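Let me begin by presenting the structure, written as structure tokens, before commenting on it.
The values are calculated or read from the model by the stated rules, or taken from the named source; none is laboratory data. As the structure is a computational prediction, the values presented were derived from the model and not from experiment. Virtual Cβ from ideal backbone geometry, glycine too; neighbours counted across all protein chains shown.
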Amino acid sequence: MSEFESGGGRPTWAEIDLDALAANFREVRRVVGGGVRVMGVLKADAYGHGAVACARRLDAEGAEWFGVATPEEGLELRRAGLGQRVLSFGGFWEGQAELCVRERIVPVVYRLDMAEALDAAARTAGVSAPVHVKVDTGMGRLGVRHDEAAEFASRLRALSHVRVEGLMTHFAAADEPGRDCFTEDQLKRFREAAAAFREHGHALVYEHMANSAAAFAHPEARGNMVRPGGVLYGLWRDVLPTLAEKPSLLPVMAVRSRVTLLKRVHRGETLGYGCSFEASREMLVATIPAGYHDGYARALSNRGRAILRGTYAPVVGRVSMDLTLVDVTGVRGVELGDRVTLLGTDGELSIPAEDVAKTAGTISYEITCGISARVPRLQRSKG
Ligand SMILES: *Cc1c(COP(=O)(O)O)cnc(C)c1O
């Protein structure tokens, strides 16, 4: 196993298991079956995992589409030499129509003025620009209202250099069985919108709706492409509803560090800001060079845990910006420089991002996205 030793810098790093990413991608493909394309969602730097490295591995797995949040994120993939189709979920902002055309970044469109700007840029470039139109079927966020979809479809007909290649929507509660009726309503509205687009002469090549939860839990909503993000990164316990078949998905990220200082602490002494922890006995405490600026949430103060030498060890005191304290009294043979796992798997033991998120009062996506740029990503791969 490769470790972060090179360069001799601060020993806090994130390991990205690209074999696990590839296995998860294959698992999604298996679940959705043939005839349904699997777009690799790489927005937000691949949920903190590193978009370019993840894209290269998904490229090797045969991914045809990548999903990003912004044209800038698409440009990063192009600059790394990736040639896949790229869909920008957030569309584009003023002044970026030319960029989309030039770099073949397909924008999601939800306003007529966006389509007009793209039409003008495509006309100048002498090309026809594909777009995917987003229909708001109940999320209430981006998208043309479903009851205004027919009119939007009609207006788009006037733009000769824009081609509506895809129609999409996004589910609000595909992970909540108690809201399946809502999801069904969204699906019905989407189908009506798709019919309206066809009636207005738009030849839709792609109809896509499903995020991770819908791809696994709502087979009827897969259309001919699904857009999973979380499950590709092995995040599913707080993403998918309970399924008849437990998905076989592997965590992709691990965050590790090393013991920087070991010290005795006597009964009655306190640890960290606010003196929030008081030793009730003689203790051995390790100082770890990772804190909330690295994305190790302050909410884990006195609540998180780490893995050292095959043992779980509790976080004690407040997590500070750059440092965290761990009670290693129970860790046999603990030494300065020992490897510490703050997130992910170490041997038989594991601290899933979902568990960290629950402790911190958030969701797993915010945990992996939150591992900051200060933490170097170290890609691992055997395959
Ligand atoms: C983020 C996102 C997805 C992926 O969602 P997951 O829950 O991570 O699978 C799919 N579609 C859109 C439009 C998104 O913004």
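Inspection of region 299-314 identifies no residue that is free of Cβ contacts under 8 Å to residues at least 12 places away in the same chain and in a strand (DSSP E or B). Restricting attention to region 333-365, the residues that are in contact with a Lys or Arg (Cβ under 7 Å, 6 or more places away or on another chain) and either in a loop (DSSP other than H, G, I, E, B) or farther than 16 Å from residue 313 by Cα (or both) total 6. Quick one: residue 243 ticks every box in (1) more than 22 Å from residue 47 (Cβ to Cβ); (2) of a type outside the set (S, T, N, Q); (3) surrounded by fewer than 24 Cβ atoms within 10 Å (Cβ to Cβ) except a single one, so which number is it? In the conditions (1) more than 22 Å from residue 47 (Cβ to Cβ); (2) of a type outside the set (S, T, N, Q); (3) surrounded by fewer than 24 Cβ atoms within 10 Å (Cβ to Cβ), residue 243 misses (1) alone.
Each row is one residue, and each column tells you yes or no for (1) loosely packed, with under 15 Cβ neighbours inside 10 Å; (2) out of contact with any Lys or Arg (no Cβ under 8 Å at 6 or more places or on another chain); (3) in a helix (DSSP H, G or I).
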position: 99; (1), (2), (3): no, yes, yes
position: 107; (1), (2), (3): no, yes, no
position: 121; (1), (2), (3): no, yes, yes
position: 135; (1), (2), (3): no, no, no
position: 152; (1), (2), (3): no, yes, yes
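The rows are residues; the columns are (1) buried (at least 22 other Cβ atoms within 10 Å of the Cβ); (2) at pLDDT 95 or above; (3) within 29 Å of residue 120 (Cα to Cα).
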| site | (1), (2), (3) |
| --- | --- |
| 156 | yes, yes, yes |
| 179 | no, yes, no |
| 193 | yes, yes, yes |
| 199 | no, yes, yes |
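Kindly indicate the residue of region 220-251 that is outside any loop (DSSP other than H, G, I, E, B) and touching a residue at least 40 places away in the same chain (Cβ under 8 Å) and also farthest from the ligand (Cβ to nearest atom) among those meeting that condition. The selected residue is 221.
For residue 368, the conditions (1) touching a strand residue (DSSP E or B) at 6+ places or on another chain (Cβ under 6 Å); (2) closer than 21 Å to residue 323 by Cα; (3) not in a helix (DSSP H, G or I) all hold with the exception of (3). Of all residues in region 8-49, those that are crowded, with 23+ Cβ neighbours inside 10 Å, within 16 Å of the ligand (Cβ to nearest atom) and either among the polar types (S, T, N, Q) or more than 13 Å from residue 232 (Cβ to Cβ) (or both) total 1.
Residues in region 158-177 that are surrounded by fewer than 19 Cβ atoms within 10 Å (Cβ to Cβ), part of a loop (DSSP other than H, G, I, E, B) and not hydrophobic (A, V, I, L, M, F, W, C): 160, 161, 176. Checking every residue in region 269-279 against the condition of being under 18 Å from the mean Cα position of the chain (by Cα) and surrounded by 16 or more Cβ atoms within 10 Å (Cβ to Cβ) gives zero matches.
Of the candidates 149, 193, 153, 174, the single residue that is of a type outside the set (Ser, Thr, Tyr), more than 27 Å from the chain's Cα centre (by Cα), in the same structural domain as residue 224 (by TED's automatic domain parsing) and within 16 Å of the ligand (Cβ to nearest atom) is 193.
Candidates in region 201-216 are the residues that are crowded, with 22+ Cβ neighbours inside 10 Å and of a type in the set (Gly, Ala, Ser); of these, the one that is nearest to the ligand (Cβ to nearest atom) is 212.
Checking region 121-130 against the condition returns no match, with no residue being free of Cβ contacts under 8 Å to residues at least 40 places away in the same chain and within 16 Å of the ligand (Cβ to nearest atom).
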